[in-house]
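Everything below concerns the one structure shown next.
The values are calculated or read from the model by the stated rules, or taken from the named source; none is laboratory data. Predicted model, so just to flag it, every value in this text is computed and none were measured. No Cβ is skipped: glycine too gets one built from the backbone with ideal geometry, and neighbour counts run over all protein chains shown. Remember, those area values only see protein heavy atoms, side chains included, never the ligands or the DNA or RNA. Shrake-Rupley method; radii C 1.70, N 1.55, O 1.52, S 1.80 Å.
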Amino acid sequence: LALPGSGARGYFGKAVSVAKHLAETAPKDNCVHLLPATKHMLRVFERMTFTVCNNLVGTSGKTSYSLATWEEATDDEDKNAPAPTVRPLPTSLEASTMRQSRPGSLTSEIQHLSVEQFAGWLVSYGVDTTLFGRGQAKSLASFLKELVQTRSSYLVEKEGELERRREIVRITLVAASPNGQDHHLMIASDIMDDGRLRNRNQKLGVTVPESTTWQEAVKLKFLEIFGLSDEVQREVFSVEANEYKEESMPSASIPGIATVYMTHEVRIKVLDPHREGLQAIGLPNMESFVTGSDQRGKENWAWTPAHDKKPNQADSLRELLMNYHISMEDFDEHAFTDLMEEVYETRISTLTVRNKELTRNTQIIKVWISADILSVPHLLVHKSKKQRGKIDIRMKDRPISMRLKHGESWKQALP
């Protein structure tokens, strides 16, 4: 088809749209991405090794194949050669090294279900699906995405009931300073949209996808955040300790299903802080550095002396929450940091124990500012609120409100 106003030609139709879709959804760069029908018609590929890509949206049969560029074709068919090999590839294609689902995992039963079918499947196990999408609970669509796409947790059957499992790694990265003193790498603060810093003082945490080992998840995290290659990590990182524990508790985000948190407390030693490439994490001089982007948010990192015995507010708050069966891993993004800031810095909320339950207390003052304009009374109200780069209109038409610091009166808060 000739495009109006130019000598260029355009193409349309099923072949073009399918080819474009295969190019856009290829599991990796520099590979040939084919549909099953195409593969079967090309005899030259019969003795070559393909990777199977299952559950690919938008392709016939929901299956496709990828071929690495270094695979070579043979001219003569060897009748005694083994049958072509295929390597199953999990639904998530992001990690470079994968393994099969965990023993007892029910992911294979739900990976092809729609949200409606998934709801019926949960009901068959006695789960009240009407609780999802209310309050802090995730929607059924978000829960299904967590299980099938991101695979940040998985379900197993235990004594006829569903149990959710989530694996987490908390990393203590240790390096020696030029004077030989051990330091720990910590997330010192977040950089807010308006340029303000919000203190965190937390260790690096990693959620382990179902199809990945904790070691692989840590390697991938170091690559994504710091740009440290697998080669550099193998040469200079040494795992000195791995304390593992399991805790079962209810999750506010997943009602009606008990969650087992499998936590690794891992200590990793940097063997050679002077190794080329480690400048990305402030070594060897223990320099602070920034990661992230304006779109995803930025974080300040700092090396703190290992002998610094000042109480870690993040660890203290995390331990307090866990003692009352509240897991910070199910908090929304930034929610744990917000709570820590409220309790320890701005002091606009307090945590107390009532009837053996941990409660958060905050005092709020609402202010109605009125004025007569042309003899008509008017009130000053919110139109919208901008936070973390997003416009929130939930405050629309509400009066001015603010939270009081602990021990502060409303008269002191108004100025």
For region 179-272, the charge dipole (Cβ of Lys, Arg +1; Cβ of Asp, Glu -1; about the Cα centre) points to a positive end, and the Cα of 256, 220, 209 closest to that extreme belongs to 256
Return the loop-located GluC sites (Glu not before Pro) in region 265-322 (DSSP other than H, G, I, E, B) with at most 12 other Cβ atoms within 10 Å of their own Cβ; answer none if there are none.
-> 276, 287
Counting only residues 5 or more apart in sequence or on a different chain, those whose built amide H sits under 5 Å from that of residue 257 are 251
What spacing in nm lies between the two simple spin-label points modelled at residue 306 and residue 386, each 7 Å away from Cα in the Cβ direction?
-> 4.6 nm
SASA check, residue 240, accessible area w/ 1.4 Å probe, all protein chains in place, rounded to nearest 10 Å², comes out at 100 Å²
Report, by chain and number, residues whose modeled amide H sits under 5 Å from the one on residue 172, excluding near sequence neighbours (fewer than 5 apart, same chain).
-> 266, 267, 268
In the neighbourhood of residue 257 defined by beta carbon distances under 9 Å, the net charge of the other residues (Lys, Arg +1; Asp, Glu -1) is -1
Taking the Cα centre of each part, how many Å lie between region 196-240 and region 246-260?
-> 25 Å
Each residue of region 126-143 in turn: what ³J(HN,Hα) in whole Hz from Karplus with 6.51, -1.76, 1.60 and θ = phi - 60°, glycine and Pro shown as x?
-> x, 8, 7, 6, 5, 7, 6, x, 10, x, 7, 6, 5, 6, 4, 5, 5, 5
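Which of 145/383; 221/385; 219/298; 219/245; 145/356 have a Cα-Cα distance over 29 Å?
145/383; 221/385; 145/356
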So, in Å, what gap is there between the alpha-carbon centers of region 336-396 and region 136-174?
-> 32 Å
Got a sec to turn the phi values of region 237-251 into Karplus ³J(HN,Hα) couplings, 6.51 cos²θ - 1.76 cosθ + 1.60 with θ = phi - 60°, whole Hz, x for Gly and Pro?
-> 9, 10, 6, 8, 7, 9, 8, 10, 8, 10, 9, 9, 7, x, 10
Set of region 219-260 residues, backbone N closer than 14 Å to the point 7 Å along the Cα-Cβ line of residue 170 | 242-247
Kindly state, to the nearest 0.05, the FRET efficiency for residue 229 paired with residue 395, given R0 = 30 Å and r defined as their beta-carbon distance.
-> 0.05
Would you compute, for the Cα atoms of region 228-311, the largest minus smallest coordinate along each principal axis and list the three values in descending order, in whole Å?
-> 50, 35, 34
For residue 404, distant residues with modelled amide H under 5 Å away = 363, 364, 365
Vicinal HN-Hα couplings computed from phi for region 263-271 (Karplus, 6.51 cos²θ - 1.76 cosθ + 1.60; Hz; Gly/Pro x) | 10, 9, 9, 10, 10, 10, 9, 7, 6
